[in-house]
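Before any comments, here is the structure.
Every number here is computed from the coordinates shown, using simple stated rules; none is lab data. All values reported here derive from a predicted model rather than from experimental measurement. All Cβ positions, even for glycine, are placed from backbone atoms using ideal geometry, and neighbour counts span all protein chains on display.
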Amino acid sequence: AGNIIGKGGCSEVYRGTLLNGELVAVKCINASSTDSEGEFVTEVEIVGTLRHRHIIQLFGYCIGFDHYYLVYNFASEGNLEHKLHGMIHIM
């Protein structure tokens, strides 16, 4: 549980390390959640085709018995929410 770096409605994101030492983020989507298959397919289709220096890259995916897994490059400097937190002023 110490390597959890994020949580969503039906998913958790973990920090992992590939055999070559590269850090990755692994998103685990609970397959029994409502529309989890749709979320998984959408991420593979959309994020898997995007190529931009400011967007994380999808390395691969896997379908397990009770989870869908998505492997992304690791954003060592945090995510957009962390960057914007404290920068938005509500009047």
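Data for the structure
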read-out: Fraction in percent of alpha-carbon pairs per bin - 10 Å, segment 1-43; value: 28, 46, 24, 3
read-out: Shape of segment 39-78, Cα gyration tensor, a/c cut at 1.5; value: oblate
read-out: Loop-located trypsin sites (Lys or Arg not before Pro) in segment 22-74, at most 14 other Cβ atoms within 10 Å (DSSP); value: R51, R53
